[in-house]
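J.: Sharing a structure with you now.
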Amino acid sequence: MKLSVVLLCALVAVQAALLAAPSAEASGLKVGYYNKKCKGVEAVVKGHIIRAMKKNPRVGAALVRLVFHDCFVRGCDGSVLLDKSAQNPHPEKEAPANIGLAAFDILEMIKADIEKKCPGVVSCSDILVYAARDATKILSKGHINYVVPAGRLDGMVSSASEAQAELPDSTFTAQQLIDNFARKNFDVEELVILSGAHSIGMAHCSSFKGRLTAPADQITPAYRNLLNDKCGQRSNPRVVNNVRDEDYNTVSKYMPGFKSRVRKIRDLFDNSYYHNNLARIVSFNSDWVLMTHKEARGHVHEYADNATLWNDDFGESMIKLSKLSMPAGSKGGIRKKCSIVSHPLH
Ligand code: HEM
């Protein structure tokens, strides 16, 4: 009897603890969070992003990747934006997994503008989430159009080794990717949905080294030859993720059947990643391995067949990504500049 009472109490305590435990999702986030605190902030971000992408279209893809790399490490807290300092010589930016990250200067410019308007109010992490949302909408020609909540605080911690441990690697197996995403509460379908972001942007050849010699059942030999040509031209150059963004002459030479798919405008954000994956013309091992897993493969087919479904599901998954919160007990605040910890503790 005594034992059963103890057991019952323990059960109640565990249940209470589970209820009280902070979820992986940030609490207190709200759509329109700045409506009263800093009116028009979303319009300011959008204006900057439109101008920046007109000047340099590469900015869009960079922002989409940046928000993923921010949110997967310590939640969406702007930790990836911090520069190295005397106090922190190895921030996230230094992690090999963060090779090629860009668009930091744009975010800093937006932040400076917003600071003039509403000093100490808008976090860098919120600016990044808004900016990635706007870039996604522009690159998808309005087809991926989601509403994100805000109210995040900027973190104080940024560690290269933590980023390296948390971010997925392009050499991962399907199971390693699934486990990596499961740690953030993302399932196999969401892994497949978010991987669709590789329909845009570029990658260093070092990020897909293994693919240059992979067998024909893993990569279409004509595409492998194209990548080898591109990668042999300089030391570790960058190559477009989507063959239809490649230059016409190279595609004509290696993949004449794809000539009609080459586009004048790069980085159209759509479900072409899934068609490419089915045709074995994706750059990363981590893309191809999705085809080796039954459930993941099913979703690749599903999203290849239904562009609208992918647009909607991608938006949903980006909202979920943007809600990943800082580890429980972390300190946060509003930085003055996105690259430096300057804020008082909240
Ligand atoms: C599933 C695991 C993933 C792996 C292993 C992975 C890996 C990579 C790698 C290695 C690069 C190229 C970096 C370089 O060499 O410069 C890259 C580029 C990119 N990734 Fe991923 N990624 C993953 C998921 C995602 C997700 C979830 C998103 C966004 C939702 C994303 C968006 C992008 C974009 C847009 C680029 C191009 C960036 C640019 O052009 O600047 N990736 N990814």
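J.: Under 5 Å between amide H atoms, partner at least 5 residues away or on a different chain: which partners does ALA150 have, H built in plane at 1.01 Å?
T.: Amide H neighbours of ALA150, under 5 Å, 5+ apart: LYS30, VAL31, GLY32, TYR33.
J.: At 15 Å minimum axial length over the Cα atoms and a Kyte-Doolittle cut of -0.5, report the qualifying DSSP H helices in the chain, or say none.
T.: Counting only whole DSSP H runs, the qualifying helices are 2-20, 41-55, 58-71, 104-117, 124-139, 307-322.
J.: Further question on the same structure: Can you give the relative contact order of the chain as a percent, counting alpha carbon pairs under 8 Å and 6+ residues apart?
T.: Computed value for the chain: 25 percent relative contact order.
J.: Could you compute Rg(Cα) / (2.2 N^0.38 Å) for the chain, with N its residue count?
T.: So the Cα radius of gyration is 1.06 times the expected 2.2 N^0.38 Å.
J.: On each of the three principal axes of the Cα atoms of segment 174-320, give max minus min coordinate, whole Å, ordered largest first.
T.: 41, 29, 25
J.: 222 nm [θ] for the chain, helices only, -39500 (n - 2.57) per DSSP H run of 4+, per residue, to 500?
T.: The per-residue figure over the chain is -14500 deg cm²/dmol.
J.: Quick one: if you stick a label point 7 Å off each Cα along the C-beta vector at ALA102 and ILE340, how many nm between them?
T.: Label-label distance for ALA102 and ILE340, simple model: 2.6 nm.
J.: Ranked from highest to lowest mean number of other Cβ atoms within 10 Å per residue, what is the order of the peptides 300-313, 28-41, 188-201?
T.: Going from most to least packed, we get 188-201, 300-313, 28-41.
J.: Can you sort PHE68, PHE269 from fewest to most other Cβ atoms within 10 Å of each residue's own Cβ?
T.: PHE68, PHE269
J.: Here's another thing I want to ask about it. For SER260, SER322, SER207, which order do you get if you count the other beta carbons within 10 Å of each Cβ and list the fewest first?
T.: If I rank by nearby Cβ atoms, fewest first, I get SER260, SER207, SER322.
J.: Counting other beta carbons within 10 Å of each Cβ, put CYS338, CYS231 in order, fewest first.
T.: Ordered from fewest to most neighbouring Cβ atoms within 10 Å, CYS338, CYS231 come out as CYS231, CYS338.
J.: Remind me, relative contact order of segment 174-320 in percent, using alpha carbon pairs under 8 angstrom and six or more residues apart?
T.: 31 percent
J.: Among the listed pairs LYS54/LYS264; LYS54/LYS253; LYS209/LYS294; LYS84/LYS331, give every one whose C-alpha distance is greater than 21 Å.
T.: Over 21 Å Cα-Cα: LYS54/LYS253; LYS209/LYS294.
J.: I would also like to ask the following. What order, most packed first, do the peptides 272-279, 326-333, 70-77 have when packing is the mean number of other Cβ atoms within 10 Å of each residue?
T.: 70-77, 272-279, 326-333
J.: Next question, about the same structure. When the chain is treated as a GNM, springs tying every alpha-carbon pair under 10 Å, which of GLN164, GLN218, GLN233 comes out with the largest mean-square fluctuation?
T.: Top of the fluctuation ranking is GLN233.
None of the figures in this text is laboratory data; all of them are computed from the coordinates on show. The shown structure was predicted, so the numbers you read here are calculated from the model rather than taken from an experiment. Virtual Cβ from ideal backbone geometry, glycine too; neighbours counted across all protein chains shown.
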